[in-house]
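Written out below as structure tokens is the structure these notes cover.
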Amino acid sequence: MTRSRPTDPPAADHDPWSGFTGWADAEATEDTRTESAVRRFVRRFSSQRLAMVALVAIGFLVAVAAFAPWVVPHDPLAQNLSRALEAPSATYWFGTDAVGRDTLSRMVFGARLSLLAAAEAVTVALVLGVVPGLVAGFFGGWVDIVLSRITDAVMRIPPLILAIAIVGVFGPNLRNAMFAVGVIFAPRFLRLTRSAVMAVREETYIEASRSIGTSTGAVLRRHVLPNILSPLIVQISLSMGFAMLAEASLSFLGLGVQPPQASWGAMVGTGYRFLDLAPHMVLIPGFAIVLAVLAFNVLGDGLRDSFGREERAADR
Amino acid sequence: MTGPAHSTPAGTGSLLEVEDVSVTFTLRTAPLTRAKRLTAVNHVTFDIDRGETLGLVGESGSGKSTTGRAILRLVPISSGSVRLDGTEVSSLPRTQLRQWRRRMQMIFQDPYSSLDPSMQVGDSIAEPLRVHEGLRGRRSVDRVLELLDRVGLARHHLRRYPYEFSGGQRQRLAIARAIALNPSLVVCDEAVSALDVSTQSQVINLLDDLRADYGMSYLFIAHDLAVVRHISERVAVMYLGHIVETGPTERIFQQPAHPYSRALLDASPVPDPVTQRTRHRTILPGDPPDPAHPPAGCPFAGRCPEVKEICHVELPAPVPVVTGGDVRCHLYGDSATPVPVAAADGRPDADPVGGQPALSRREH
Amino acid sequence: MLRLLVRRLLLMVPIMVLVSFIVFGLVLLVPGDPAIALAGPNATEQRVEAIRENLGLNDPILQQYGRWIGGAIQGDLGESLFSGRSVSQAIAERVPVTMSLAGAALLIALLIAVPAGIVAATNRGRPADSMATVGASLGLAMPSFWLGLVLVLLFSVWLGWLPATGYIPFGENPAAWAVHLILPALTLGAAAAAETTRQLRGSLTDVLGQDYVRTARAKGLRRHTVVFKHGLKNAAIPVVTVLGFQVAFLLGGSVVVEQLFALPGLGGLAIRAVLNRDLPMIQGVVMFTAVIVMIVNLVVDLLYGWLNPKVRTA
Amino acid sequence: MTTPDVTPPSFAPSRDVALQVDGLTVEFATDRGWTRVVDGVSFSVLRGETLAIVGESGSGKSVTSLACMGLLPRRSSRTPSGTAELDGVDLLSLPVRAMEDLRGDRIAMAFQEPMTSLNPAYTVGDQIAEVVRRHRDAARKEGWRRAVEVLDLVGIPRAAERVKSYPHEFSGGMRQRVMIAMAIACEPAVLIADELTTALDVTIQAQVLDVVRQMRDQLGMAVLFITHDLAVVADIADRVLVMYAGQEVETSAVDDLFARPAHPYTEGLLRSMPQSSTATAATATAVGTGRRRLDSIPGQPPVPGSMPAGCRFAPRCPYAVEACVDGVPELLQVRPEHFARCTRALELTLRGTR
């Protein structure tokens, strides 16, 4: 008999299974590499090239908007009629508009307006949507029924028409327009929060925590909120994009930002009268909108994929 | 049918006394449809002694899980009384209920959803300590490490997330959380059902050890009869919200009195092909009735191989069995002749009491 | 099925009431004295009084609502503050334009989205899927007015194939009607096509991963039977559910597109009403479009019941 | 090790082989390249016989059956070697369309979750008739007639009415019967039952196992029964294949396997079951105190991609010696028709359930 590496085989009269705990070192067989949830998220997110690009693009946009006065090549409001409707050139990279203002400089300031406006709308939507959604989802009952019916009702009104109506009542300016956009986004946040909370509420760990004696507030704070955060963050990113679109549409219609200031949407709005003469006035700001919205959407999708929970071990 | 017909004698005092408890749910499938009333637990009575394990068996929809949840007041009790150490738990106000919760804990079936995925497992285990003892920081960590050690996990597991653990390990974590406060009663709701055989036996052994160490009582809810037989001293059999039979484990397994208990045992395969091939068994036809539309009389009447006319009319009252426990069946009692009960697992020698349970007459 | 219809109709009532609350409530949102605010800064005392009279602002609020809703049920949505015309009549004149546009856009959206969604879901990770996904992302990110302008630039200004603006009623010249609708409908339908493609791709991918699809394959069914019979009917359920909201988006988006292509639809009416702060007109348009959306949703619900036997037989 | 063994009555080599699998290997695509999840599995199933493949989750038992059906995801999996012959045709190398012709006709499969495995949007009759029409060129009416026939065969009462019901209108056990009816509609040579009774209650499980047995006998099918439950194996199987970490570790006739397991893993599994220890529990003295501890296999099964060198079970095996870690064990013949992948198989005497 060869010398046994684990140890001598048990004697024949001894029951080998009793008290046997395995030859392998318990520590060694286990995967000792541990990874925090944050690091796992970062690893997953950074492996998505497109989402990284989107993040960089949004970072760039935010930086440009923040430092607008210092980065613009020209005064965005300075008119120069002699150089109106010029095509892009070395002096005016993105050309000029009908009164000779520099498109690039106006776009840099427009970025500021658009981002702030979108952020305002999303904030309004969050405030109006998340708290009632939490309440409706967690407590259910008649509160849920009433809130859900109101949500249904608001969602039956075509969103842009509702926004227009709200602007119409309050008067056309950017602040009112974005409040309106916030109002029309709120039901989505409410529905999302509600369904996320309802899904979490069914999880056993909520019941487990309740069985321990955790108070309702603590259950909401410690278990429900952290677990609905990821879909909310994804939705915030997506909504930023859609809010920029909505702002652009309202400003295009003349119901948002008012002259002489201009967001990208407003610039397209004024440019379309000169479509045949100076297509760049429409194409460039419009393209900027597409890229920015795309970036937020791609970021949102990337976040969603990075937040995904582990799949349950399937039988293989 | 009130009054503890078979409660333990005064003085010894059972740890848990469940008396005549019913749980009724109102279900509405869609708005504007008629609501259904569903009695998941129907006048259930049993007790558990200190350090004792009561196995609660039954098929899905029998109300066994709901019974466990009702005891912990995770679902509202419609009627009846639940006493822990003589204190009525079913009517405790919310504030006091929290205090009592530390004495009763639960281990759930699905190890994958019973731990908060967004929390490090150390925090999950520490939660009861924080809620009830206000333990935080160092002292809390020390206790959690102790608990991890107790359930056979390593110290470095403290800062990990649930997704990094296998099913068996997660169930150990759930056990650690449940025993953190030294509860008197732990309700194990299908606690080992989702585990593979080899892992399952590890967890069963752990539960056995913990009970020996801490003197806890278990209400062990499971559909796997072999597991229940191994771990329980007494067994209660549920069918459609009713407890149809209770008794000492070996009595139930070797001389089941209720036709349903017998059918359950017949249906559970024995892990030995020769025994399985040769043992006599009746396969029960049909499905259990819809709990929302229970039949009149005995709930088992529709599938019972020994059904009589009265079974469709009248719900039988519990009749004590001399060899232990009681049974709810019209076969026993004043007019009925005692029915020979075949040894359940088909072992010819497994019948020490003579082929039939000694039954007392039904009293009126 | 009939019970489902009745149930859905009954469920519509509270929503309809709530919508009417919201629409009527717009007047309450007007800052300060509505009459003065609506009349504008340079209005005469007389005009303010006229507005007060028109809206019945002196009456208690419930009475105001009662009068408004009572009229609305009979098809009377009041009179314009601006022109004094009947709101209902103004809407009626413009409905065909908006409906043609929204209908055509929906059709185009489905014609693009259904094949694209199926191709993407059945070719996951392949070039066809990437194309559909990227296309859908672009479609969602493009502001409709900009897409419209690009299309005009391309097909009208540069190529000269299609008219840039204008509307010809169907009754006058069906061919011209269609030609004039192509660009606007494409513009309006793009976002809906993108959204529906994403939805269908997602839900079909989901369904194709279900156990019953594996069962269908285990039965030896051909791939097309698996996808079209076992996949599509189930995948359509979530897509159909959001179709109602798509219609709402189309009706809203038509405002922009009508502006862009100078189509005399509800959008122009709404914009003019807003700029003139013509409250009854705003309320009328909002209420009318909401009713349309609700009717569409009713149809969607019935379709849902047809697709999903669990709902039907409940 | 010389005791001659009685060949169990259920096993007769002269009977036709319905499905013959040789050296089946399956690999899945992961971030770290191709990972082997099934490693050289061989077995055969005879007509009228039930072969149970038993193993814990992750053992590769389901993947093996899906590979035979050609149902593994085509792009993220591959079978680099091995054959699976049905009627002399290798299923693994068959073109897609030819495999589709055989699936549901000559080789059929019934799945675990009857709720999710039946299409909720169609009546059960439609879903059964569909198979018949696909493989028998039957007319709509003919398919429908057959649907009623097989529903009746698997014991669904009032089959002619129930054929028009949707899956959600059936109970769990009835749905499982529908699954079986669908699988046997074309009278296949091989029926694969994948964890067929796992989701069912015991009384329903007993009914369904009975249906499988009856169908096997009536149609003379070969049944490949995939399960993790040894008690179910004892009930239904004629022969058993035990899988561990993607390999077959033991194969034998059912009686011999339970009575005299030859692989330590099988012994560990049998001894982990509470029921096997109840014989002693009955004689335990005081309740609670004299209770016998269950044996258990320590540790966790290895994960595909990081298999231990040598014998894959060695780290958990109480009989392991140096040779187990050094060399990869072969399947050894222990007795006639009884094989075990254990270096020490011939010297160890392991305990079974009797």
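None of the figures in this text is laboratory data; all of them are computed from the coordinates on show. Because the structure is a prediction, the values reported are computed rather than measured. Counting neighbours? That spans all protein chains shown, and the Cβs are built from the backbone with ideal geometry, glycine included.
Observations
- Beta bridges from DSSP with both residues in the stretch D:10-244: antiparallel share about 50 percent, rounded to the nearest 5.
- DSSP bridge pairs, the protein assembly as shown: antiparallel proportion in percent, nearest 5: 60
- Cα-centred dipole magnitude for chain B, charges only on beta-carbon of K, R (+1) and D, E (-1), debye, nearest 20: 1180
- Principal semi-axes of the equivalent ellipsoid, √(5λ) from the alpha carbon gyration tensor of the stretch B:117-180, are 17, 12, 11 Å from largest down.
- Peptide ranges D:303-315, D:90-102 listed from the most packed, as the mean C-beta count within 10 angstrom indicates: D:303-315, D:90-102
- Normalised Debye scattering of chain B at q = 0.10, 0.13 Å⁻¹ gives log10 I(q)/I(0) of -0.67, -1.08, counting only Cα atoms as equal scatterers and leaving out solvent.
- Protection proxy ranking, highest mean first, for peptides A:162-171, C:92-101, D:108-117: A:162-171, D:108-117, C:92-101, where packing is the per-residue count of other beta-carbon atoms within 10 Å, averaged.
- Across every direction, the projection of the convex hull enclosing the Cα atoms of the stretch C:95-312 has a mean area of 14.5 nm².
- The stretch C:164-239 and the stretch D:136-204 have Cα centres separated by 34 Å.
- In this Cβ point-charge picture (+1 for Lys and Arg, -1 for Asp and Glu), chain A has a dipole of about 740 debye about its Cα centre.
- Helical segments meeting 24 Å axial Cα length and Kyte-Doolittle -1.0 threshold in chain D (DSSP H): D:202-219
- Long-range Cα-Cα pairs in the stretch D:75-179 (distance over 23 Å), rounded percent: 37
- The mean number of partner chain beta-carbon atoms within 10 angstrom of a residue's beta-carbon across peptide C:274-280 is 4.
- Binned Cα-Cα distances of the protein assembly as shown, short to long, each 20 Å bin given as a whole percent: 9, 31, 34, 19, 6, 0
- Taking every alpha-carbon pair within chain A, the share separated by more than 25 Å comes to 63 percent.
- Fewest-first ranking of D:Cys324, B:Cys304, D:Cys342, using other Cβ atoms within 10 Å as the exposure measure: B:Cys304, D:Cys324, D:Cys342
- Measuring between their Cα centroids, the stretch B:260-319 and the stretch A:153-189 lie 63 Å from each other.
- Amide hydrogen proximity for B:Arg50: with H placed 1.01 Å from N in the peptide plane, the residues at 5 or more positions away or on another chain lying under 5 Å are B:Leu15.
- Simple Cβ-charge dipole of the stretch B:255-345, Lys/Arg +1 and Asp/Glu -1, about Cα centre, in debye nearest 20: 240
- Charge tally around C:Glu258: other residues with Cβ under 15 Å, Lys/Arg +1 each, Asp/Glu -1 each, net +1.
- With a 10 Å cut-off around each Cβ of A:219-226, the average count of Cβ atoms from other chains is 2.
- Rg ratio for the stretch B:255-345: its Cα radius of gyration over 2.2 N^0.38 Å, N being its residue count, equals 1.17.
- Projecting the Cα atoms of C:Ile282, C:Gly231, B:Val228 onto the dipole axis of the protein assembly as shown, where Lys and Arg carry +1 and Asp and Glu carry -1 at the beta carbon, places C:Ile282 farthest toward the positive end.
- The P(r) of the stretch B:56-151 has a tail past 20 Å containing 51 percent of all C-alpha pairs.
- Backbone N within the stretch D:119-150 under 17 Å of label point (7 Å from C:Arg222 Cα along the Cβ vector): D:130-140
- Look at the dipole of chain C built from charges on Cβ: of C:Ile168, C:Leu208, C:Leu29, the Cα furthest out on the positive end belongs to C:Leu208.
- Shielding value for B:108-114 is 5, the average number of Cβ atoms from other chains within 10 Å of each residue's Cβ.
- Two-site label geometry, A:Asp15 and C:Gln89: point separation in nm, points 7 Å out along Cα→Cβ: 9.9
- Converting phi to 3J(HN,Hα) with the Karplus coefficients 6.51, -1.76 and 1.60 and the offset θ = phi - 60°, the stretch D:17-26 yields 7, 8, 10, 10, 10, 10, x, 5, 10, 10 Hz in sequence order, with x at every glycine or proline.
- Amide H contacts under 5 Å for B:Met106, placed H, 5+ residues apart: B:Val187
- Structure-based [θ]222 nm, chain B - -39500 (n - 2.57) summed over DSSP H runs of at least 4, per residue, nearest 500: -8500 deg cm²/dmol
- Charge dipole (chain D, unit charges on Cβ, about Cα centre) - positive-most of D:Leu346, D:Pro261, D:Trp144: D:Trp144
- Exposure proxy ranking, count of Cβ atoms within 10 Å, fewest first, for C:Thr197, D:Thr35, D:Thr266: D:Thr35, D:Thr266, C:Thr197
- Cβ crowding within 10 Å averaged over residues, with D:295-301, D:249-255 ranked highest first: D:249-255, D:295-301
- Degrees separating the helix C:2-29 axis from the principal Cα axis of chain C, which is the longest one: 40
- Take every pair of alpha-carbon atoms less than 8 Å apart whose residues are at least six positions apart; their mean separation over the length of chain B yields a relative contact order of 17 percent.
- Order of A:Val135, D:Val37 - criterion: other Cβ atoms within 10 Å of each residue's Cβ, fewest first: A:Val135, D:Val37
- Summarising the amide proton neighbourhood of B:Val41: residues at separation of 5 or more, or on other chains, whose placed amide H is nearer than 5 Å comprise B:Val23.
- Averaging Cα coordinates gives a centre for the stretch D:304-354 and one for the stretch B:82-131; these two points are 45 Å apart.
- Rounded to the nearest 10 degrees, the angle from helix B:137-150 to the longest Cα principal axis of chain B is 40 degrees.
- Length, then width, then depth: along the principal axes, the Cα atoms of the stretch D:10-244 run 50, 41, 38 Å.
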